[in-house]
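Below is one structure, written out as structure tokens, with a few remarks after it.
Bear in mind these aren't lab numbers, they're just calculated from the coordinates by the rules spelled out. What you are looking at is a predicted structure, and each value in this text was computed from that prediction instead of being measured. Note that each Cβ is placed from the backbone with ideal geometry, even for glycine, and that neighbours are counted across all protein chains shown.
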Amino acid sequence: MKLLRSKLTLTLFVGILWTLFFSSCGSDNQEKSSNKAATKIDFHIDWSPGPDYIGFFVSDELGYYAEEGLQVKIKSGSGAEQAAKLIKSNAIKIGTTTVDALIRQELALENEDGQKKGKIPYQSRISKKNTPKIAAIVFVTNPVVLVTQKDIPINKIEDLEKLKKIGYSQKTSVTYTQFMSLLSKYPELKVNEEKLLEKVGWNGPQEFQNGNVDGVLAYATDVPPELKSQGIAFNIKRLAYFGLKIPGQCIAVAPNAEISQDSLQRFLRASVRGWEYARENPKSAADIFVARFPGQNREKALTAINYTMELLPPVLGGRAIPAYTSPERIRDQVKSAIGIVADVVGITVTEKNTQEIVYRMVP
């Protein structure tokens, strides 16, 4: 009995030693894994930091990128159109722009003669290797809005005839080009674009407040929160309300970007976590934004974040990631936007052309 007991004791002792040995190896492997150099990514947002990019800032501040083994540096830009050009030329490897800005790049670069009058047929002269790829669509709803004075509600497209002056920032802006896309859908409207539209630069809120314009084109995430923070009453209508089915912000990758598919998927996964955190915790997201950018007005930031949340994809089956990154969903949204953008650029596209562009832009 003593011999049996001693054998059992020895067996148990050896078992504990092996357990400690493997535990030590496991901890060593975990330590080596944690010490592994993070993948560095320079991520360019297409404008200056604002609540409409809150998901990326949340992912950075809460360590979602770090958890995926990424070291992400978020850099500012100078507009969606410029961002689309830089992504197209490989000057930016990965960043945000808008879907319609990318489409304009594809159409305009393939029809460079801007002096031609009337519509010209689309001719593809760019290979798939030279086309940026849309990796995710963040705003499935067009964020461009028309803000009007409180006494001028716009409930149907014909109500645009009530407006005397609509302010816009510049003709190369997404807000201007999307409004022109809308007008092109309703040629029967009795509006004179040259008289109706007035360039106000970045002073849209001031010009609106002073009554110099009775409407202003803007992103839902900038001018409306600015006016609301000053207690100014206004009406707001998304251009999508009138049938302009163009998605907004997207994450695009340059044609020759040196970023692996695995790194891209990890980046997208972490980014979606940030956006979904902001959707579920807008007040906390506002705190994160104000802490990262001191001097910002918290209530204004919170208002902008709440406007932004209305632009996000729906949650599908309890999971948000497929709604952002599903190639099928992205293709559908790109397809719906191509014809509208082509009308403004002055190009005629066929169904075959459209399919070709879609499959060049969506991997």
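Structure notes:
- To the nearest ten degrees, helix 351-361 and the longest principal axis of the Cα atoms of the chain are 40 degrees apart.
- Taking other C-beta atoms within 10 Å as the exposure proxy, Val191, Val216 rank Val191, Val216 from fewest upward.
- 10 Å binning of all Cα-Cα separations within region 144-242, expressed as whole percents from 0 upward: 16, 57, 25, 2
- Residue-wise HN-Hα couplings along region 48-62, as the Karplus relation 6.51 cos²θ - 1.76 cosθ + 1.60 with θ = phi - 60° gives them from phi, are 5, x, x, x, 6, 10, 4, x, 5, 5, 5, 4, 6, 5, 8 Hz; Gly and Pro carry x.
- Degrees, to the nearest 10: 327-345 long Cα axis against longest axis of the chain: 20
- Residues Lys162, Lys156, Lys190 arranged by fewest to most Cβ contacts within 10 Å: Lys190, Lys156, Lys162
- Antiparallel DSSP beta bridges within the chain, percent to nearest 5: 60
- Estimated 222 nm signal from helices in the chain, with DSSP H stretches of n ≥ 4 weighted -39500 (n - 2.57), rounded to 500: -14500 deg cm²/dmol
- Compared with the dominant Cα axis of the chain, that is its longest principal axis, helix 282-292 is turned about 90°.
- Per-residue Cβ neighbour rank within 10 angstrom, fewest leading, Ile134, Ile246: Ile134, Ile246
- Partner lysines for Lys40 [C-alpha distance under 17 Å; skip if fewer than 8 residues away on the same chain]: Lys73, Lys75, Lys93
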